[in-house]
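Asker: I have a structure here, written as structure tokens, and I will follow up with some questions on it.
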Amino acid sequence: MKVIVLGAGIVGVTSAYQLAKAGHEVTVVDRQPGPALETSFANAGEVSFGYCSPWAAPGIPMKAMKWLFMKHAPLILRPKLDVAMLSWMARMLSNCTSERYAINKSRMLRLADYSRIALADLRAETGIAYDERMQGTLQLFRTQQQLEASAKDVKALAADGIPYEVLDRDGCIRFEPALRHVRDKIVGGLLTPKDETGDCFKFTNALAAKAEALGVRFAYGTTIKALDVEAGRVRGVITDRERMSAEAVVVALGSYSPLLLEPLDIRLPVYPVKGYSLTIPITDASRAPESTVMDETYKIAITRLGDRIRVGGMAEISGYTNDLGLARRSTLEYSVTDLFPGGDISKASFWSGLRPMTPDGTPVIGGTDVAGLYLNTGHGTLGWTMSTGSARLIADLVSGGPPEIDAKDLAISRYG
């Protein structure tokens, strides 16, 4: 079939590659001049197959109230009279129960583990290099209370057969030797050894080149105006340059997906949650992380990417704004220098991106009530982690074949 993929971020490019492999004639449309220039550009670098959890969790409403008054807060809320924001927040709060958390985390782990296999296959198939490491993620606890609270995550990991290890202080230092300089600041950690790291921007660009070699056409610098729908079936896409015809369209526009779908009366509960990152050159490798350390107190990931450290995190709910607040930079700098002192943060580059979050933390993958129109969006902080598995799923669904894992509860129909 002729298939148009909307969006050239990590989710759109992996989808296009898998669709081309399945034999379709694929065109990718994006307003940017190249791939991975928005949310996929400078994310935290984690590929967190084991360390993936919904933001909506038991206790989060109370924690959120405390976070709002912290100097280095993991959550920043800028409320406004925005129906979409208020609706999304209300739905998220309704998912902050033990029952919903268990269901949502299980969905996420299923897709993440499938993506682990898909990424390994893709790496072997293409030989792509992207500053990758396969050394795991260490969720680092500064307090005994945090260590004890990790029991719910341990339970979910065990239930889904995901490898993990609970570490004491010395165990954390064995895994990340540079932490010996700050041993008194930590009490323990949760290690998910199958997690990986890598530069999402490098990966997406390399895979886009592989996709072009398979015949995928990339229409960069092209603004998407509307979906062309007639008699309940998608017929193509209207852009600022031309009308493009297609038999199937995959929407992978991240936070902007709901805006495109709204005129069709498709209510996609995805809202932008802004994250920030620093990229710092390594000046002393003995004081740098070996893999990813997740600072549980500030919800900040500190990741080794070749000769750089990527520091990413925070959740700012402020709508479609992409300004760079100096207070957010201060929080990133505080976390990384507190755990890994000695780096030269004066040479760091500062970035922000809009993560497409669903209220339950699970992406939306599958068809819609409009024939031929498919969604692959809403991955939140885990687009890099879940992209390769999501791409395989959407290629199977568009092709009409059975997916390799259960995908029914990932579709938009779960929202009623």
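The values are calculated or read from the model by the stated rules, or taken from the named source; none is laboratory data. As the structure is a computational prediction, the values presented were derived from the model and not from experiment. As a convention, Cβ positions derive from the backbone with ideal geometry for all residues, glycine included, and neighbour counts pool all protein chains shown. Please note that ligands, DNA and RNA were not included when accessible areas were found on the heavy atoms of the full protein model with its side chains. Shrake-Rupley method; radii C 1.70, N 1.55, O 1.52, S 1.80 Å.
Asker: Rolling a 1.4 Å sphere over the protein heavy atoms, what is the accessible area per residue of the range 64-147, to the nearest Å²? Walk me through the intermediate numbers first.
Answerer: Working: 4320 Å² over 84 residues.
Roughly 51 Å² per residue, with all protein chains present.
Asker: Which loop GluC sites (Glu not before Pro) in the range 157-258, with loop taken from DSSP, have no more than 16 other Cβ atoms within 10 angstrom of their Cβ?
Answerer: Details: sites: 165, 196, 212, 230, 242, 247; in loops: 242, 247.
Qualifying residues, ordered by number: 242.
Asker: Additional query: Of the heavy-atom accessible surface of the range 27-147 (probe 1.4 angstrom), what whole percent is carbon and sulfur?
Answerer: Details: 3390 of 5600 Å².
Carbon and sulfur atoms account for 61 percent of the accessible area of the range 27-147.
Asker: In nanometres, what is the gap between the two model label sites at residue 265 and residue 409, each 7 Å from Cα along Cα-to-Cβ?
Answerer: Placing both labels 7 Å along Cα→Cβ, they lie 3.0 nm apart.
Asker: While we're on this one: Report, please, the projected area of the range 33-191 averaged over directions, based on the convex hull of its C-alpha atoms, in nm². Mind dumping the intermediate values first?
Answerer: Numbers: hull surface 50.8 nm².
About 12.7 nm², averaged over all directions.
Asker: I'd like to know how the chain sits against the 2.2 N^0.38 Å rule of thumb: what's its Cα Rg over that expected value? Spell out each step's value before the answer.
Answerer: Numbers: Rg = 20.5 Å, N = 416, 2.2 N^0.38 = 21.8 Å.
Normalised Rg, Cα atoms only: 0.94.
Asker: Nearest 500 deg cm²/dmol is fine: what mean residue ellipticity at 222 nm does the chain get from its DSSP H runs of n ≥ 4 alone, each adding -39,500 (n - 2.57), divided by its residue count? All intermediate terms of the calculation are to be shown ahead of the outcome.
Answerer: On the way: 11 runs with 133 residues, N = 416.
For the chain, the value works out to -10000 deg cm²/dmol.
Asker: Taking R0 as 45 Å, what FRET efficiency do you get between residue 143 and residue 228 from their Cβ-Cβ distance, rounded to the nearest 0.05? Mind showing how you got there, number by number?
Answerer: Values: r = 55 Å, r/R0 = 1.21.
For R0 = 45 Å, the calculated efficiency reads 0.25.
Asker: First compute the accessible area of the range 168-213 with a 1.4 Å probe, then give the percent of it belonging to carbon and sulfur atoms. Intermediate results must be reported in sequence, preceding the final value.
Answerer: Values: 910 of 1900 Å².
The C+S portion of the solvent-accessible surface of the range 168-213 is 48 percent.
Asker: Something else: Placing unit charges on C-beta atoms (Lys and Arg positive, Asp and Glu negative, everything else neutral), compute the dipole magnitude of the chain about its Cα centre in debye, rounded to 20. Walk me through the intermediate numbers first.
Answerer: On the way: 47 positive and 46 negative charges, 132 e Å.
Computed about the Cα centre, the dipole is about 640 debye.
Asker: What is the packing order of peptides 250-261, 59-70, 81-92, taking the mean over residues of other C-beta atoms within 10 Å and listing the highest first?
Answerer: Working: 250-261: 23.9, 59-70: 13.0, 81-92: 14.8.
Put in order of decreasing packing, that is 250-261, 81-92, 59-70.
Asker: Using +1 at the Cβ of each Lys and Arg and -1 at the Cβ of each Asp and Glu in the chain, identify which of 281, 402, 64 lies farthest towards the dipole's positive end.
Answerer: Of the listed residues, the answer is 64.
Asker: Work out the length of the dipole vector of the range 1-65 about its Cα centre, built from +1 on the beta-carbon of each Lys and Arg and -1 on the beta-carbon of each Asp and Glu, and round it to the nearest 20 debye.
Answerer: Details: 4 positive and 4 negative charges, 21 e Å.
That gives a dipole near 100 debye.
Asker: Using alpha carbons only, how many angstrom separate the centre of the range 216-252 from the centre of the range 144-173?
Answerer: With the range 216-252 and the range 144-173 each reduced to a Cα centre, they are spaced 45 Å.
Asker: Given points 7 Å out from each Cα along the Cα-Cβ axis, report the residue 124 to residue 240 separation in nanometres with one decimal.
Answerer: 4.4
Asker: Run the quick spin-label model on residue 180 and residue 155: label points 7 Å from Cα toward the beta carbon, then report their separation in nm to one decimal.
Answerer: 3.8
Asker: What is the sum of charges around residue 47, taking Lys and Arg as +1, Asp and Glu as -1, for the other residues whose C-beta is under 9 Å from the C-beta of residue 47? Please list the in-between numbers first.
Answerer: Numbers: positive: 116; negative: 46, 132, 195, 196.
Value of the local net charge: -3.
Asker: Given a 1.4 Å probe, how much area per residue of the range 181-321 is accessible, in Å²? The partial results should precede the final answer.
Answerer: Values: 5100 Å² over 141 residues.
With the other protein chains kept in place, the range 181-321 gives 36 Å² per residue.
Asker: Right, something else. Need the C-alpha centroid separation for the range 369-385 versus the range 41-105, integer Å.
Answerer: Between the Cα centre of the range 369-385 and that of the range 41-105, the gap is 19 Å.
Asker: Okay, next question. Please report the carbon-and-sulfur percent of the accessible area for the range 268-321; probe 1.4 Å, protein heavy atoms only, DNA, RNA and ligands left out. Let's see the in-between values first.
Answerer: Working: 570 of 1150 Å².
About 50 percent, which is the carbon plus sulfur part of the accessible surface.
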